[in-house]
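Notes follow the structure.
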Amino acid sequence: MNAPDQRHVAALQAVPAYEARALREAVERAIEATSGGTRLTGLRALVKPNWVAPRRAALACTNPLFLRAVAEALIDRGARVTVGDSPAFGAAERLAAATGSDVALRGLPAPIVNFTAGPALRFSFGASTRLARQAAESDLIVSVPKLKAHSQLRLTAAVKNFFGCVVGARKALIHAVHGDRDNRFESVIIEVMLALQPSLTIVDGIEAMSVTGPMNGEPVWLGAVAAGQNPVAVDTALYTMLRIAPDEAPLWREARARNLPGAGLEQLRFPLAAPEDFDTSAFQAPRALDPLAFKPGRLAAGMARRLWRRVTGR
């Protein structure tokens, strides 16, 4: 009898358009390839999109039709779905409206929630933060990131999307304190991701963001969806597909330094398509990286806006 294949699944597939039927079929294939189509009856599933800011939301955030396809598939499998995030700028409800996700999700039993503070997470270098209560208390996190260039990390996809489970202004504070320190920011993101398992990631890489990001880049059509239960493995597949080397990607470099499962291409299995099956020549990664450490004035202004919205309800 042959030994079972212990490699991590990275389900890559070509999806030509944001069309409802094509998206639903792609999500179904992704779930089948990564989990065998397991029933999710009664499980609390948190769908975590990439909602970064209202500005340029159509390109910078997860496509609303893609998000609906994921939510529908989970509901059909019996899951109790909520959709939530803690955007860097604005509340989840505002981002849902800016992206059209509120309309796309209409009629589904999938309420949109803004994250609130939950359990503390202490990092390996001594600092700590608070994770979103909704993420910590879910049975399954279904991460639905947008594939984008990133001016600090070269690429943002599966692993980085978990940073949105740090609540509100705490993300900006981490940027301000640790954004320009060697490996500190990468450690934060990876340790947040490791604390929030089990998960399933389904990446919206149909229209990606190129050149720079996470908000100010240029659109590029890749027609790709990537999925897996191991976010590190999903990112390894995407780095390879986009021809980004480990030393060029801080999160991949950190994952390999920690010997995290899925950080090596030889540890991956591709049941649908392989990285070389995609033409990604139009994608441009940032040439130089910027630490993006938030300045005290900008951080204070952002915190004041959040307090004002909380007091006034606006």
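Restricting to the range 18-53, give me the number of residues that are out of contact with any Gly (no Cβ under 8 Å at 6 or more places or on another chain), over 20 Å from GLY205 (Cα atoms) and among the charged types (D, E, K, R).
The total comes to 1.
Determine if the range 237-250 includes at least one residue that is buried (at least 21 other Cβ atoms within 10 Å of the Cβ), within 21 Å of CYS61 (Cα to Cα) and at pLDDT below 95.
Among the residues of the range 237-250, not one is buried (at least 21 other Cβ atoms within 10 Å of the Cβ), within 21 Å of CYS61 (Cα to Cα) and at pLDDT below 95, which makes the answer no.
Within the range 262-272, does at least one residue satisfy the condition of being under 25 Å from TYR18 (Cβ atoms) and among the hydrophobic types (A, V, I, L, M, F, W, C)?
Yes, there is a match, as at least one residue in the range 262-272 is under 25 Å from TYR18 (Cβ atoms) and among the hydrophobic types (A, V, I, L, M, F, W, C).
Yes or no, residue by residue, for (1) at pLDDT below 95; (2) over 28 Å from ALA149 (Cβ atoms); (3) surrounded by 15 or more Cβ atoms within 10 Å (Cβ to Cβ):
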| position | (1), (2), (3) |
| --- | --- |
| GLN13 | no, no, yes |
| PRO16 | yes, no, no |
| ALA22 | no, no, yes |
| ILE31 | no, no, yes |
| ARG39 | yes, yes, no |
| PRO49 | no, no, yes |
| PRO54 | yes, no, yes |
| ASN63 | no, no, yes |
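So which of PRO64, PRO49, PRO54 ends up being touching a Leu at 6+ places or on another chain (Cβ under 6 Å) and within 21 Å of GLY217 (Cα to Cα)?
So the residue among PRO64, PRO49, PRO54 that is touching a Leu at 6+ places or on another chain (Cβ under 6 Å) and within 21 Å of GLY217 (Cα to Cα) is PRO49.
Could you list all residues from the range 44-65 that are among the basic types (Lys, Arg) and closer than 11 Å to GLY164 by Cβ?
Passing the criteria: only LYS48.
Go through MET209, MET215 for me and flag whichever is assigned to a loop (DSSP other than H, G, I, E, B) and within 25 Å of ALA71 (Cβ to Cβ).
MET215
Need pairs with beta-carbon distance below 9 Å; first residue touching a residue at least 40 places away in the same chain (Cβ under 8 Å) and within the range 204-215, second among the acidic types (Asp, Glu) and part of a strand (DSSP E or B); sequence gap 6+ or separate chains.
Short answer, once both residue conditions are applied: MET209/GLU218; SER210/GLU218; VAL211/GLU218; THR212/GLU218.
The values are calculated or read from the model by the stated rules, or taken from the named source; none is laboratory data. Being a predicted model, the structure only gives us computed values, none of them experimental. Counting neighbours? That spans all protein chains shown, and the Cβs are built from the backbone with ideal geometry, glycine included.
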